[in-house]
Amino acid sequence: MAVAEVTIDEVIETFQLFDDWEDRYRYIIDLGRQLPELPERYRTETYKVRGCASQVWFNVKRSGDMPPRLTFEGDSDAMIVKGLMAILFLIYSGRTAREIMETDAQAILDRLDLAQHLSPMRTNGLFSMLQRIGQMAAAAAA
Amino acid sequence: MNRPAPSPASWQFDHAAIRGDFPIFSRTIYGNPLTFLDSAASAQKPRVVIDAVRNLYESGYANIHRGIYMLSQEATDAYEATRETVRQLINAERTEECIFVRGATEGINLVAQSYGRTFLESGDEIILSNIEHHSNIVPWQLLRDEKKLKLRVAPVNDDGQVDLEAYKALLGPRTKMVALVHVSNAIGTILPVKEMIALAHEVGAKVLIDGCQAVPHMPVDVRELDADFYVFSGHKIYGPTGIGVLYAKFDLLEAMPPWQGGGDMISTVTFEKTTYNDLPHKFEAGTPNIAGGIGLKAALDYVTSIGYFQIQEYEKELYAYASERLRQVNSLRMIGTARDKAAVLSFVLEGIHPHDTGTILDREGIAVRTGHHCAQPTMDRFGVTATVRASFGIYNNKADVDRLVAGLEKVKEIFG
């Protein structure tokens, strides 16, 4: 099952089936591996997400709709970070800037029980990635 | 250093008892025993240090140096007793040469701002090694930019040891300051600082040594080294955070202007003119870290009670065991393989980001550091952006190493 074909609800459901932390990590890593490759031209300082312990790059694409829907793409040299990124993209990609800004990611991440099973946000980059998505949405809405 | 080497029988010390001195090891992480391998960042605290700080606040606390009453005098005596303990530990000639600072970082900034701004001039050169901590780079860059100085970098060989010939070639009449790490926090190399100091002195340069990773593991004698400045942090030698030591030769401190102004560092103040207090207080503006200072004495006494000879013998054996076990982990690349190393093992698993490795190890209760270890030029030198670093303290044992190796096998299995 490719990332594009699963929904965040299905991810949450799958997550709840695992009672072993190792399986949850394997699943996160799998989600990351299935992310489409980020074109090389975006792997530069401009697209870098600051505040992550590993290297993270984000790009955003807008659809032709009015208001446009935002699609995110990205990459990281750390696989767990990339998996978390895939989960964030499942939550946010294909939505309008307004929808993105109104989405409570924390509530969804809580359902994934990520707080308990991953290192603190600040270190694993989740916080910085969320912030960047918020900034990108705000820029698109402006 | 004039400490008698104990007979071999006496250093068969009870390691389980030493580990038992550290209350933190009674806790678990995700249901696993705590495997703490991040002492190079900050060491855990023995009960005696925790008790010293608690006893102060419970029964002996007051501001120090100026109180006429008993509590203040007791606290002053306890705080100043630490200075004598520090003097003995590093074999300084006088207690006035031991300045209390927040940590090594502040000590280096003090030297750069006070000595550097006063005695270095446009065109002068500062030499650093390629494997310095950012704390021993950035203060000199700030000074360079202000005073139009040149920073020059002594390269390291592929094993992570300083290239002494290249270092000699950098030394010259314009060299005014050499700032070197004693033991690299990122890759564990022990620099031949005594020889490097002697070479720097031949061209008339002063030398600052960052001893953060040295004092917890080996005896340091500032007079034998002939170091002009030597800094270390208390929290890395089992003491509290927020207290550290700047040692400097007396004549240098006398010649240096105060860095920060405030209480404690003055003799008399009028709006026209202030005269400064004598050493060491000239450099200790404001109410100091009283509890930190008193806790530091307990930490240094603890280290001395075990003895550096025993610490070195024990850690050498543990280090050899860990090196051998890690060598057997397939696809593990060790960063820094110098012959002289201490207590730090820095490595990468091929194809797995250190951050991923650290995340899985954490879940197994294993605390390692992952990243650039505040030494990005070191990482650049070895062509990596980050490493996994396992560093030891006196409380670690072979079971910790075994759990690390098992954890790394699990990491490989999960990412395989």
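The values are calculated or read from the model by the stated rules, or taken from the named source; none is laboratory data. No experiment lies behind these values; they were computed from the predicted model shown. Heads up, the Cβs are rebuilt from the backbone with ideal geometry, glycines too, and the neighbour counts pull from every protein chain shown. Quick note on the areas: whole protein, heavy atoms, side chains included, nothing else; ligands and nucleic acids left out. Shrake-Rupley method; radii C 1.70, N 1.55, O 1.52, S 1.80 Å.
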If you go through B:Ala322, B:Ala386, B:Ala390, the only one that is hydrophobic (A, V, I, L, M, F, W, C), touching a His at 6+ places or on another chain (Cβ under 7 Å) and open to solvent by less than 50 Å² (accessible area, probe 1.4 Å) is B:Ala386
Would you mind listing the strands (runs of 3 or more DSSP E) fully within segment B:220-269 where at least 1 residues are under 22 Å from B:Ile197 (Cβ atoms) and of a type in the set (Ser, Thr, Tyr)? B:229-233, B:244-248
Count of residues meeting criterion [among the hydrophobic types (A, V, I, L, M, F, W, C), within 13 Å of another protein chain (Cβ to nearest Cβ) and out of contact with any Ser or Thr (no Cβ under 7 Å at 6 or more places or on another chain)] in segment B:375-401: 1
Tally, over segment B:67-109, of residues that are under 21 Å from B:Ser233 (Cβ atoms), among the acidic types (Asp, Glu) and not in a helix (DSSP H, G or I): 0
Provide a single number: the residues in segment B:192-224 that are surrounded by fewer than 21 Cβ atoms within 10 Å (Cβ to Cβ) and within 12 Å of B:Lys249 (Cα to Cα). 1
Only one of (1) aliphatic (A, V, I, L, M); (2) within 13 Å of chain A (Cβ to nearest Cβ); (3) without any contact (Cβ under 8 Å) to a residue 60 or more places away in the chain is not met by B:Leu349, so which one is it? (3)
Can you pull out the residues in segment A:3-41 that are crowded, with 16+ Cβ neighbours inside 10 Å and in contact with a strand residue (DSSP E or B) (Cβ under 7 Å, 6 or more places away or on another chain)? A:Leu38
Inspect segment B:131-141 for any residue being open to solvent by 10 Å² or more (accessible area, probe 1.4 Å) and free of Cβ contacts under 8 Å to residues at least 60 places away in the same chain and give the result as yes or no. yes
For segment B:215-224, state whether one or more residues are in contact (Cβ under 8 Å) with a residue 60 or more places away in the chain, among the acidic types (Asp, Glu) and closer than 22 Å to B:Leu246 by Cα. yes
Does B:Thr275 count as within 14 Å of another protein chain (Cβ to nearest Cβ) and in contact with a strand residue (DSSP E or B) (Cβ under 7 Å, 6 or more places away or on another chain)? no
Yes or no: segment B:362-373 includes at least one residue that is in contact with a helix residue (DSSP H, G or I) (Cβ under 9 Å, 6 or more places away or on another chain), surrounded by 16 or more Cβ atoms within 10 Å (Cβ to Cβ) and more than 14 Å from chain A (Cβ to nearest Cβ). no
I want to confirm something. Restricting to segment B:270-283 and keeping residues that are among the charged types (D, E, K, R) and assigned to a loop (DSSP other than H, G, I, E, B), which single residue is least open to solvent (accessible area, probe 1.4 Å)? B:Asp278
It is to be established whether one or more residues within segment B:111-119 are closer than 26 Å to B:Thr287 by Cβ, in contact with a strand residue (DSSP E or B) (Cβ under 6 Å, 6 or more places away or on another chain) and either touching a residue at least 40 places away in the same chain (Cβ under 8 Å) or in a helix (DSSP H, G or I) (or both). yes
Consider only pairs whose beta carbons are under 7 Å apart and that are at least six residues apart or on different chains; among these, list those whose first residue lies in segment A:45-74 and is surrounded by fewer than 17 Cβ atoms within 10 Å (Cβ to Cβ) and whose second residue is modelled with pLDDT under 85. A:Arg50/A:Ser128; A:Gly51/A:Ser128
Restricting attention to segment A:1-26, report how many residues are touching a residue at least 40 places away in the same chain (Cβ under 8 Å) and either within 14 Å of chain B (Cβ to nearest Cβ) or touching a Phe, Trp or Tyr at 6+ places or on another chain (Cβ under 6 Å) (or both). 3
Could you look through segment B:393-416, keep only residues that are among the acidic types (Asp, Glu) and over 23 Å from the mean Cα position of the chain (by Cα), and pick out the one that is most open to solvent (accessible area, probe 1.4 Å)? B:Glu413
